[in-house]
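**Q** I am attaching a structure below and will ask some questions about it afterwards.
Values quoted throughout were computed directly from the atomic coordinates according to the rules given, and no laboratory measurement underlies them. Just so you know, these numbers come straight off a predicted model, no measurement behind them. Glycine gets a Cβ as well: all are built from the backbone with ideal geometry, and neighbour counts include every protein chain shown.
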Amino acid sequence: MSRDDRRTVFQKPKPAAGEKLRTILARIHHFQEKELILCRGRLQPLEYKGKRVLIFPDYTSEVMSQRNAFRDAMQNLRKKGIKFMLRYPARLQIQHQVAGAPTVFEDPMEAAWFVERCGENSGD
């Protein structure tokens, strides 16, 4: 398959006004540059021609399913205003006043149980 053939296979038509924008995958050769791009994307909003650009790391389907298992717990943490991080590959780190030091969970069920009890003792 020639280079031009590959381009036409993977190109999608330009979305119409109001439609969801296209996803673009970029391969970054140097790890440090990739980390710098991801960091800057988290720190400040990026725009291109007046449109916001969101940058996410590309994970395998297995890692994404593991990370998605924490979705409910993360939504509850956001509602309660509790800071958290989702560490690679799939570990939920919660910073809460009651716990003191950060608490890390590898099991989504344990994390959900902990999150349910976070607001009970702190008077939220």
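**Q** How would Leu77, Leu36 line up from fewest to most surrounding beta-carbon atoms within 10 angstrom?
**A** Leu36, Leu77
**Q** Explain nothing, just the number: dipole magnitude of the chain about its Cα centre with +1 on each Lys and Arg Cβ and -1 on each Asp and Glu Cβ, in debye rounded to the nearest 20.
**A** Value, rounded to 20: 780 debye.
**Q** Also, I was wondering about something else. How are the alpha carbon pair distances in the stretch 18-61 distributed across 5 Å bins from zero to the largest one, expressed in percent?
**A** Cα pair-distance distribution for the stretch 18-61, in percent: 5, 17, 25, 27, 17, 7, 2, 0.
**Q** Among Ile94, Ile24, Ile82, which one shows the highest mean-square fluctuation when the chain is modelled as a Gaussian network with alpha-carbon springs under 10 Å?
**A** Greatest mean-square fluctuation among the candidates belongs to Ile24.
**Q** Moving to a separate point now. Which is the longest part of the chain that has none of the GluC sites (Glu not before Pro) sitting in a DSSP loop with at most 13 other Cβ atoms within 10 Å?
**A** 20-105
**Q** For the residue pair Tyr88 and Ile28, what label-to-label distance in nm results when each label sits 7 Å from Cα along the Cα-to-beta-carbon direction?
**A** Distance between the two pseudo-spin positions: 1.0 nm.
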